[in-house]
Amino acid sequence: MNFDANRPDLTVGVIGTGAMGRGIAQVAAAGGMNVLMTDSRPGAAQEARDFIDKMLSRAAEKGGMSKDAAVAAVSRIKIVGSPADMKPCHVVIEAIVENLDAKRQLFAELETIVAPDCILVTNTSSLSVTTVAAKLKTPQRFAGFHFFNPVPLMKLVEVIDGLQTENWVSEALMAIGRRMTREPVRCTDAPGFLVNQVGRGFTLEAAHLVHEGIASFVDVDRVMRDVGGFRMGPFELMELTGLDVTQPASELIYTQFFQEPRYRPNLIMRARYEAGVLGRKTKKGFYDYDAEMKPIAPAEPAPPAAYPGHVWVSPAEPHGHAVLSELLRKMGASIETGPKPSANALILVTPIGEDATTCAVEQELDPKRTVAVDTLFPMVKRRTIMCTPVTDHIYRNAAHGLLASDGVPVTVCRDSPGFIAQRIVAMIVNIGCSIAQSRTAQPPDIDKAVTLGLNYPNGPFKFGDVLGPQRVHKVLASMYRIYGDPRYRPNIWLTRRAKLGVSLLTPEP
Ligand code: NAI
């Protein structure tokens, strides 16, 4: 098909002018395209056009674009009465209610109106693109075009090939996305596409941790910000999005993947969803909110004024041993150098994917004196430690006091294979690898989508490379061994690269 995505008079139809439709119309008009828009609610399209006018005028005032360009963009947006008026469009983008029947009905109607080479696209966030297209006469010209909210600020758009989408359609959408000054990333249809699939690793593993009593939600957020380098903790993020969005999306992805354990939802999120305790929009969620809608977190507890006489660091993990010994030396701790700890020494272990209990038992150490320290992530802004169920509080306090003695906060969690950050990041990497394995998208594109769409410090593959693919594999393999839960089984795509000792971004010939 000879579709010219760069023709100056390209006309884009936008149906549904709510939060998403108006944003899509704005970036299309600002990108020089003509826009026809409509909404089933009377007055809604006009409200959207007024809103876009305000947004573009503000952008012009701030110097983001010229006044003339803003006026010209708004003048390119025309309101039409119904989908029947979309005949002149080269592309029609649907951003109506998230309901399969409503979307199918709309596209069935559009098929009878638009030209045979008009591209039809859905902005669905959770329905299968293939399923929405299934009853069309020409599913070949149908694709997903998944924008993020708020559209003018979020550069990413996922271009999704349904089962029957022809290449020219997706190529055209990539070009149109670029004309809209977006960063399009192409993928094939999959539950949660790229970004929402990877995002399950962050939020759901965090919920499982809290549900298991390993840490409070506040501690998980603190660790993921300070240790993992995320801008927001998983609970802060869930509350910003709202449990009314996150929970149904999580359950749908799990169902669409035929109950794949990696995407298993969690009861604590479900309970809040059921109770209508949704986060910022209900002014109550995991957090309470102050008058400025900032989440209220309890103050960080002061570290105990305790310090160990002697400390022995297990050599079982050479890297962790070296990193921790170096830190303790700088702090002036009295470090034992013998092959075994002396009778009263504090015992520190540095597990990768194991819990403190497993380390104590397998290394034949006294569990009452054993404390585990997470050394996989930089220990600069925060440190995480955990104890066995029988670690004496004197030794726990000594480890806490010692590791906080240079003013860096310490989070103490309950025994957990993989602490907090190790297991959450390992889940993100594992899901990323399963997306690559299924050829839904290429690793660099998945990383790009995740950093742009979720603001993570790294995409799954870069994260894996920074931590070391073998170490991430070990986190998962240890968790799988200790829990016996297939949720944690390392993906074979990751396993191969870890075995070979190569970067997760190594292109396949
Ligand atoms: P919204 O509720 O803000 O807007 C939907 C608009 O569509 C409303 O103005 C409504 O009157 C109109 N509408 C409903 N049924 C219609 C029909 N049959 N014909 C014409 N207009 C109709 O919803 P929002 O958030 O803009 O979402 C729209 C779509 O975009 C959904 O499929 C949603 O899943 C998807 N999406 C939403 C994101 C978000 O963060 N809000 C992100 C990415 C995708």
Restricting attention to segment 440-474, which residues are part of a helix (DSSP H, G or I) and among the aromatic types (Phe, Trp, Tyr)?
461, 463
Six or more apart or on different chains, Cβ atoms under 8 Å: show the pairs whose first residue is in segment 170-187 and over 9 Å from residue 159 (Cβ atoms) and whose second is of a type in the set (D, E, K, R).
181/155; 182/155; 183/155; 183/448
Residues of segment 283-340 being hydroxyl-bearing (Ser, Thr, Tyr) and farther than 26 Å from residue 366 by Cα, in sequence order, are 287, 289
Return the only residue of 457, 486, 443 being surrounded by fewer than 19 Cβ atoms within 10 Å (Cβ to Cβ), under 29 Å from residue 148 (Cβ atoms) and out of contact with any strand residue (DSSP E or B) (no Cβ under 8 Å at 6 or more places or on another chain).
457
How do the pairs read when you match residues in segment 276-304 that are exposed (fewer than 11 other Cβ atoms within 10 Å of the Cβ) with residues anywhere that are of a type in the set (Lys, Arg), using Cβ under 8 Å and keeping only pairs 6 or more apart or on different chains?
293/280; 293/283
Residue list for segment 297-324, restricted to those being acidic (Asp, Glu) and closer than 21 Å to residue 409 by Cα
300
Check segment 261-272 and report whether any residue there is among the small types (Gly, Ala, Ser) and either within 13 Å of the chain's Cα centre (by Cα) or buried (at least 19 other Cβ atoms within 10 Å of the Cβ) (or both).
no
Considering segment 1-49 alone, what residues qualify as being within 9 Å of the ligand (Cβ to nearest atom) and either surrounded by fewer than 19 Cβ atoms within 10 Å (Cβ to Cβ) or at pLDDT below 95 (or both)?
18, 19, 40, 41, 44, 47
Surrounded by 24 or more Cβ atoms within 10 Å (Cβ to Cβ) and more than 24 Å from residue 446 (Cα to Cα): does that describe residue 239?
yes
With the requirement that a residue be in contact (Cβ under 8 Å) with a residue 12 or more places away in the chain and either over 36 Å from the mean Cα position of the chain (by Cα) or under 13 Å from residue 348 (Cβ atoms) (or both), what does segment 316-329 give you?
316, 317, 320, 321, 323, 324, 325, 327, 328
Any residue at all in segment 61-71 that's within 16 Å of the ligand (Cβ to nearest atom), at pLDDT 95 or above and not hydroxyl-bearing (Ser, Thr, Tyr)?
no
On the basis of being surrounded by 22 or more Cβ atoms within 10 Å (Cβ to Cβ), hydrophobic (A, V, I, L, M, F, W, C) and within 11 Å of the ligand (Cβ to nearest atom), does residue 132 make the cut?
yes
Residue 281 passes all but one of the listed conditions (1) assigned to a helix (DSSP H, G or I); (2) at pLDDT below 95; (3) not assigned by TED's automatic domain parsing to the domain that holds residue 200; the exception is number (3)
Close pairs from segment 132-154: first more than 20 Å from residue 98 (Cβ to Cβ), partner near the ligand (Cβ under 10 Å from one of its atoms), Cβ under 6 Å, at least 6 apart
152/23
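The values are calculated or read from the model by the stated rules, or taken from the named source; none is laboratory data. Small disclaimer: the values here were computed from a predicted structure and weren't measured. Counting neighbours? That spans all protein chains shown, and the Cβs are built from the backbone with ideal geometry, glycine included.
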